[in-house]
Amino acid sequence: MIALLQRVSQAAVVVDGETIGAIDAGLMVLVCAERNDTAAEADALLGKLLAYRVFADEAGKMNRSVADVQGGLLLVPQFTLAADTNSGTRPSFTPAAAPDVGRQLFDRFVGQARARHGNERVGTGRFGADMKVSLTNDGPVTFWLQVKPKV
């Protein structure tokens with residue numbers, strides 16, 4: 001599983017002209033399931049994401065997590081994070097999970113995030129939709145997190 005997280009002062013997802021997910025300060029997270037990922041990888045990635053310290057403490061150091069600051073989470077499915085870009089000029093998406101598996105793992109990730117972080121603080125994009133994502137990156141601060149399956 002892959003998460004590309006950005007610390008934001010605000011973020012939103014629009015589908016067909018309707019805002020379907022939005023947060024104020026927190027993390028906008030692009031989420032991708034890779035081939036061979038299971039619920040174990042989804043749960044491990046969520047645990048890492050919720051504990052990842054990217055918010056400033058009183059001294060200005062990144063010592064607080066999104067859970068510590070009770071920030072928002074905007075979770076957006078993004079299968080292109082798994083692209084293989086090593087050859088040619090067109091990406092291959094072979095490393096990504098099949099769409100039905102990707103949807104199941106994204107839905108699990110969202111459900112677990114709502115249970116652990118609070119339903120009111122978690123917004124989402126829509127799996128398989130043409131989404132317009134806007135955000136104001138705070139910092140800018142962007143990190144790549146990945147949990148690989150134990151195959």
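Let me spell it out: the conditions are (1) over 15 Å from the mean Cα position of the chain (by Cα); (2) crowded, with 22+ Cβ neighbours inside 10 Å, and residue 21 meets all of them except one. Which number is the exception?
(1)
Report yes if residue 30 is aliphatic (A, V, I, L, M), surrounded by 13 or more Cβ atoms within 10 Å (Cβ to Cβ) and out of contact with any Leu (no Cβ under 9 Å at 6 or more places or on another chain), otherwise no.
no
Any idea which residue in the range 33-54 is surrounded by the most Cβ atoms within 10 Å (Cβ to Cβ), counting only those that are touching a helix residue (DSSP H, G or I) at 6+ places or on another chain (Cβ under 9 Å) and of a type in the set (Gly, Ala, Ser)?
Of everything passing the filter in the range 33-54, 33 is surrounded by the most Cβ atoms within 10 Å (Cβ to Cβ).
Please determine whether any residue of the range 13-21 is over 18 Å from residue 124 (Cβ atoms) and in contact with a strand residue (DSSP E or B) (Cβ under 6 Å, 6 or more places away or on another chain).
There is no residue in the range 13-21 that is over 18 Å from residue 124 (Cβ atoms) and in contact with a strand residue (DSSP E or B) (Cβ under 6 Å, 6 or more places away or on another chain).
Restricting to the range 8-18, name every residue that is open to solvent by 30 Å² or more (accessible area, probe 1.4 Å) and more than 29 Å from residue 94 (Cα to Cα).
Across the range 8-18, the qualifying residues are 9, 10, 17, 18.
For the range 55-151, which fully contained strands (runs of 3 or more DSSP E) count at least 1 residues that are loosely packed, with under 15 Cβ neighbours inside 10 Å and not basic (Lys, Arg)?
Answer list for the range 55-151: 62-65, 132-146.
The values are calculated or read from the model by the stated rules, or taken from the named source; none is laboratory data. This structure is a prediction, so every number in the text was calculated from the model and none was measured. Please note: Cβ atoms are built from the backbone with ideal geometry, for glycine as well, and neighbour counts cover all protein chains shown. With ligands, DNA and RNA removed, areas are computed over all heavy atoms of the protein, side chains included. Shrake-Rupley method; radii C 1.70, N 1.55, O 1.52, S 1.80 Å.
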